[in-house]
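Undergrad: One structure, pasted below without further comment.
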Amino acid sequence: MTEKLSHNEAIKTNSRLLRGTLAEGLEAVATGAISEDDQQLIKFHGIYLQDDRDLRPERAKRKLDKAYSFMARLRVPGGVLSSAQYLAMDRLADERGNNTLRLTTRQSIQFHGVIKTNLRPALRQIDSVLLDTIAACGDVNRNVMCTPNEFASPVHAQALRTAEAISTHLLPRSGAWREIFINDEQITQALEEEPIYGATYLPRKFKIAIAVPPQNDVDVFAHDLCYIAILENNTLVGYNVVVGGGMGATHGDATTYPLVGSVIGFCSADDAVAVAQAVVTTQRDFGNRSNRRRARLKYTIEDRGLEWFRNEVNARLAKPLAPAREYHFTGNGDAMGWHTSPDGLHHLTLFIENGRVADVGNWRLKSALKAIAAQDVSFIITPNQNIIIARASTAAREIIEATLASHGVALRASALREAAMACVALPTCALALTESERYLPSLVTRLDSMLGEHGLAEQPITLRMTGCPNGCARPYIAEIGLVGRNPGKYNLHLGGAHDGSRIAKLHREDADEATILGILAPMFADYAKHRQPAERFGDFVLRHGLV
Ligand code: SRM
Ligand code: SF4
């Protein structure tokens, strides 16, 4: 018996390639919202309807509608922006958003608080600097990630070109985005073709990343499809292909779980786009379109087997995958601070706490970055919510340092803080069960002081927090992962690998701050006393039987 298709499949089928009634909905002035079906469709255009959850109780008491606004997310393969583009985005946040830019865990920027009447003007501002939000969300391939800094080496540049080629190849061909948000009119009378996706797109979101070892900053084991660059004599010869990673889960539903991806072979650099198409179309044809909780590629592979999947992908390729090659990762964090490339240019990976670019009191990060954008530099968003100010001359480097200092922005933070990430969660995320971005900084302060007591202040330990089990900050592969469960309470996961290659174990459910600190304090003490040279915390807690 075939299972009933999910409602989202009907929405896609009837949408006329992602148009639905979005154009009409944006004109309706009686509400700041749009229809429920259009809320699903607008995601394909990189936009979410949200409301300010802090204001919900007060507005409900006063019998007012929710405080609706939209979140818009850029598509920026590899996270690279010119300074002109960065400046335009800074202005957009002030003119159309909530005065902040939010760097994301997929190297993008989100604008929160964009009210309905500001949405089209905001997207036109984005379009005017040759950026867009197409496919930044929805059941399609999302922003393609890439180990940042194309200026670090020719190999990094080549990897970024692959990321861009994959992103372009897998873009929806529908003209709906331009028609609805930019031109305000239908450009063609006939519907376009979607040669890769078809009219119902994919069963669920799809994510791709490329890593250039030894950095696994993109977390190659956490996405649907990943590429690990293979280097011979400092030349990129191709990629190992990793499939079936994914973080999302649902509390209390054992059929859902985070998984790390598996390496299924090697392809030449020239074949990377064809491999992406083969993997995506396999998921298009075999992914679960009835149960959205089980619709990611990781479950298609779990249900049918890795060997079946490899054969299916090979059958769609002119050249089957070759055996995987050797690779080695050292960690999944960013290389913080200044680095100088062989061409003499300087690149600063600047710590941005949880990706929030704002001016708060004497800490005027947003103004500092805006001032820095007057220099001839590039801005690159990292997969760990930081920013690289790239391509600085020696003179520009001095100006950048002085600008940050005069705006109260420190170049570096503690090792733990630099290795920590939190998802957005409250007040904008509709799915948040707990605080995350607003809470993690104070927890890090407490943990930092505990680490300091044991002489571990310099020890980078990956710490990631999310406000629900969806895993937007990839917490399940952190050495310490905290996953929101109930207000003020988190599931504590321990023992992920420092290079992001292992799922952490669930150690304690529903832990409040006192419980979390109570569990970690003796572990830090043991780690300080009994660790082997260079042993990472995640490895130690497993070897020592602490989890
Ligand atoms: Fe995410 C949904 C924020 C990266 C797994 N994610 C959401 C939404 C849109 C909530 C919603 O559906 O209403 C969140 C918006 C919050 C807000 O107010 O801004 C949201 N996700 C984020 C960001 C902004 C977190 C951050 O702090 O940086 C990241 C945006 C990335 C981007 O630029 O595209 C973000 N989300 C991720 C990641 C990490 C990654 O992709 O590397 C994951 C885990 C990897 C994965 O997909 O398996 C992730 N987000 C989810 C899921 C669970 C998917 C699943 O397979 O079950 C949801 C919920 C859903 O899709 O139903 C979700
Ligand atoms: Fe929202 Fe949950 Fe993602 Fe955090 S992990 S941003 S709470 S969906």
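Undergrad: Let me confirm something: among ALA84, ALA163, ALA136, ALA152, which residue is hydrophobic (A, V, I, L, M, F, W, C), more than 10 Å from ligand 1 (Cβ to nearest atom), buried (at least 17 other Cβ atoms within 10 Å of the Cβ) and modelled with pLDDT of 95 or more? Full working, then the answer.
TA: Details: ALA84 fails: buried (at least 17 other Cβ atoms within 10 Å of the Cβ); ALA136 fails: more than 10 Å from ligand 1 (Cβ to nearest atom); ALA152 fails: modelled with pLDDT of 95 or more.
That would be ALA163, the only listed residue that is hydrophobic (A, V, I, L, M, F, W, C), more than 10 Å from ligand 1 (Cβ to nearest atom), buried (at least 17 other Cβ atoms within 10 Å of the Cβ) and modelled with pLDDT of 95 or more.
Undergrad: Here's a follow-up. Please state which of the following conditions GLU95 fails to meet, knowing it meets all the rest: (1) crowded, with 19+ Cβ neighbours inside 10 Å; (2) under 30 Å from ALA374 (Cα atoms).
TA: (1)
Undergrad: May I ask you to say which residue of VAL377, VAL313 is within 30 Å of HIS7 (Cβ to Cβ) and among the hydrophobic types (A, V, I, L, M, F, W, C)? Let's see the steps before the verdict.
TA: Values: VAL377 fails: within 30 Å of HIS7 (Cβ to Cβ).
The unique qualifying residue is VAL313.
Undergrad: Taking strands (runs of 3 or more DSSP E) that fall entirely within segment 431-547, which contain at least 2 residues that are among the small types (Gly, Ala, Ser)?
TA: Values: elements: 463-466, 480-486, 489-494, 505-511.
Hits in segment 431-547: 480-486.
Undergrad: Provide a single number: the residues in segment 316-333 that are surrounded by 13 or more Cβ atoms within 10 Å (Cβ to Cβ) and out of contact with any Pro (no Cβ under 8 Å at 6 or more places or on another chain).
TA: Our first condition is that a residue be surrounded by 13 or more Cβ atoms within 10 Å (Cβ to Cβ); within segment 316-333, this holds for 316-317, 320-322, 324-325, 327, 329, 331-333.
Remaining after also requiring out of contact with any Pro (no Cβ under 8 Å at 6 or more places or on another chain): 316-317, 320-322, 324-325, 332.
Number satisfying all stated conditions: 8.
Undergrad: Hey, another quick one. Just to be sure before I move on: is ALA176 buried (at least 23 other Cβ atoms within 10 Å of the Cβ) and out of contact with any strand residue (DSSP E or B) (no Cβ under 9 Å at 6 or more places or on another chain) in the structure I sent? Explain how you work it out, then say what you get.
TA: Working: buried (at least 23 other Cβ atoms within 10 Å of the Cβ): yes; out of contact with any strand residue (DSSP E or B) (no Cβ under 9 Å at 6 or more places or on another chain): yes.
It is true that ALA176 is buried (at least 23 other Cβ atoms within 10 Å of the Cβ) and out of contact with any strand residue (DSSP E or B) (no Cβ under 9 Å at 6 or more places or on another chain).
Undergrad: Any idea which residue in segment 409-454 is farthest from GLY484 (Cα to Cα), counting only those that are surrounded by fewer than 22 Cβ atoms within 10 Å (Cβ to Cβ), β-branched (Val, Ile, Thr) and within 16 Å of ligand 1 (Cβ to nearest atom)?
TA: So the residue we want is THR428.
Undergrad: Could you grab me the full set of residues in segment 359-397 that are touching a strand residue (DSSP E or B) at 6+ places or on another chain (Cβ under 9 Å) and assigned to a strand (DSSP E or B)?
TA: SER378, PHE379, ILE380, ILE381, ILE387, ILE388, ILE389, ALA390, ARG391, ALA392
Undergrad: Name the pairs whose Cβ atoms lie under 6 Å apart, with the first residue in segment 410-429 and in contact (Cβ under 8 Å) with a residue 60 or more places away in the chain, the second near ligand 2 (Cβ under 8 Å from one of its atoms) and part of a helix (DSSP H, G or I), and 6 or more positions between them or separate chains?
TA: As it stands, the answer is none, since no pair meets every condition given.
Undergrad: So, ARG75, is that one surrounded by fewer than 16 Cβ atoms within 10 Å (Cβ to Cβ) and either of a type in the set (Lys, Arg) or under 30 Å from GLN375 (Cβ atoms) (or both) or not?
TA: Values: surrounded by fewer than 16 Cβ atoms within 10 Å (Cβ to Cβ): no; either of a type in the set (Lys, Arg) or under 30 Å from GLN375 (Cβ atoms) (or both): yes.
No; evaluated as a whole, the condition is false for this residue.
Undergrad: Taking the criterion of being within 11 Å of ligand 1 (Cβ to nearest atom), closer than 19 Å to ARG142 by Cβ, charged (D, E, K, R) and assigned to a helix (DSSP H, G or I), would at least one residue in segment 296-308 satisfy it? Explain how you work it out, then say what you get.
TA: The first filter runs over segment 296-308 and keeps only residues within 11 Å of ligand 1 (Cβ to nearest atom), leaving 296-299.
Of the ones still in play, those that are also closer than 19 Å to ARG142 by Cβ are 296-299.
Now narrow it down to the ones that are charged (D, E, K, R): 296, 298.
Retained after the next criterion (residues that are assigned to a helix (DSSP H, G or I)): 298.
Within segment 296-308, one or more residues are within 11 Å of ligand 1 (Cβ to nearest atom), closer than 19 Å to ARG142 by Cβ, charged (D, E, K, R) and assigned to a helix (DSSP H, G or I).
Undergrad: Are there any pairs with C-beta distances below 6 angstrom linking a residue in segment 246-275 that is surrounded by fewer than 19 Cβ atoms within 10 Å (Cβ to Cβ) to a residue that is at pLDDT below 95 and not hydroxyl-bearing (Ser, Thr, Tyr), with the two at least 6 apart or on different chains, and if so which?
TA: If the second residue must be at pLDDT below 95 and not hydroxyl-bearing (Ser, Thr, Tyr), no pairs are left.
Undergrad: TYR527 passes all but one of (1) hydroxyl-bearing (Ser, Thr, Tyr); (2) away from ligand 1 (no atom under 16 Å from the Cβ); (3) within 15 Å of ALA222 (Cβ to Cβ); which number fails?
TA: In the conditions (1) hydroxyl-bearing (Ser, Thr, Tyr); (2) away from ligand 1 (no atom under 16 Å from the Cβ); (3) within 15 Å of ALA222 (Cβ to Cβ), TYR527 misses (3) alone.
Undergrad: Do any helices (runs of 4 or more DSSP H) entirely within segment 1-109 hold 1 or more residues that are free of Cβ contacts under 8 Å to residues at least 60 places away in the same chain and within 16 Å of ASP139 (Cβ to Cβ), and if so, which?
TA: Working: elements: 7-13, 22-27, 36-41, 56-61, 83-96.
The qualifying helices (runs of 4 or more DSSP H) are 7-13, 36-41.
Undergrad: Considering (1) more than 21 Å from GLY518 (Cα to Cα); (2) β-branched (Val, Ile, Thr); (3) more than 11 Å from ligand 2 (Cβ to nearest atom), say which one THR428 fails and leave the rest.
TA: Failed condition: (3).
Undergrad: Just a yes or no: is a residue in segment 504-525 under 23 Å from PRO383 (Cβ atoms) and in contact with a Gly (Cβ under 6 Å, 6 or more places away or on another chain)? If you could, list the steps in order and put the result at the bottom.
TA: Start the filter on segment 504-525 by keeping residues that are under 23 Å from PRO383 (Cβ atoms), which leaves 504.
Filter once more, so that each one left must be in contact with a Gly (Cβ under 6 Å, 6 or more places away or on another chain): 504.
Scanning segment 504-525, I find at least one residue that is under 23 Å from PRO383 (Cβ atoms) and in contact with a Gly (Cβ under 6 Å, 6 or more places away or on another chain), so the answer is yes.
Undergrad: Can you pull out every residue in segment 138-167 that is β-branched (Val, Ile, Thr) and under 16 Å from VAL275 (Cβ atoms)? Break it down stepwise before answering.
TA: Taking segment 138-167 and keeping what is β-branched (Val, Ile, Thr), we get 140, 144, 147, 155, 162, 166.
Those that are β-branched (Val, Ile, Thr) and under 16 Å from VAL275 (Cβ atoms): VAL144, THR162, ILE166.
Undergrad: Given (1) surrounded by fewer than 19 Cβ atoms within 10 Å (Cβ to Cβ); (2) under 22 Å from the mean Cα position of the chain (by Cα), where does GLY488 come up short, assuming only one miss?
TA: GLY488 satisfies every listed condition except (2).
Undergrad: For the condition closer than 22 Å to THR105 by Cβ and of a type in the set (S, T, N, Q), what is the one hit in THR434, THR403?
TA: Details: THR403 fails: closer than 22 Å to THR105 by Cβ.
After ruling out the rest, the residue left standing is THR434.
Undergrad: If you check every pair at least six apart or on different chains, which have Cβ atoms under 6 Å apart with a residue in segment 351-371 that is of a type in the set (Val, Ile, Thr) first and a residue that is in a helix (DSSP H, G or I) second?
TA: Going by the 6 Å Cβ cut-off, the qualifying pairs are VAL357/LEU365; VAL357/LYS366.
Undergrad: Ok, one more. Identify all residues within segment 110-133 that are crowded, with 24+ Cβ neighbours inside 10 Å and either more than 12 Å from ligand 1 (Cβ to nearest atom) or part of a helix (DSSP H, G or I) (or both); write none if there are none.
TA: LEU123, ILE126, listed by residue number.
Undergrad: From the list ASN311, ASN362, pick out the single residue that is surrounded by fewer than 20 Cβ atoms within 10 Å (Cβ to Cβ), within 30 Å of ASN8 (Cα to Cα) and more than 22 Å from the chain's Cα centre (by Cα). Before you say what the answer is, go through the steps one by one.
TA: Working: ASN362 fails: within 30 Å of ASN8 (Cα to Cα).
Within the list ASN311, ASN362, the selection yields ASN311.
Undergrad: So GLU3 ticks every box in (1) at pLDDT below 95; (2) charged (D, E, K, R); (3) closer than 28 Å to VAL129 by Cα but one. Which box is left unticked?
TA: (3) is the only condition that GLU3 fails.
Undergrad: Also, I was wondering about something else. Quick one: in segment 46-68, which of the residues that are of a type outside the set (D, E, K, R) and more than 14 Å from ILE34 (Cα to Cα) is surrounded by the fewest Cβ atoms within 10 Å (Cβ to Cβ)?
TA: Let us first name the residues in segment 46-68 that are of a type outside the set (D, E, K, R), namely 46-50, 55, 57, 60, 64, 67-68.
Adding the requirement that they be more than 14 Å from ILE34 (Cα to Cα) leaves 46, 55, 57, 60, 64.
Working: GLY46: 26, LEU55: 13, PRO57: 9, ALA60: 11, LEU64: 11.
Within segment 46-68, the match that is surrounded by the fewest Cβ atoms within 10 Å (Cβ to Cβ) is PRO57.
The values are calculated or read from the model by the stated rules, or taken from the named source; none is laboratory data. Values in this document were obtained by computation on a predicted structure and should not be read as measured data. When we count neighbours, we look across all protein chains shown, and the Cβ atoms used for this are built from the backbone with ideal geometry, even at glycine.
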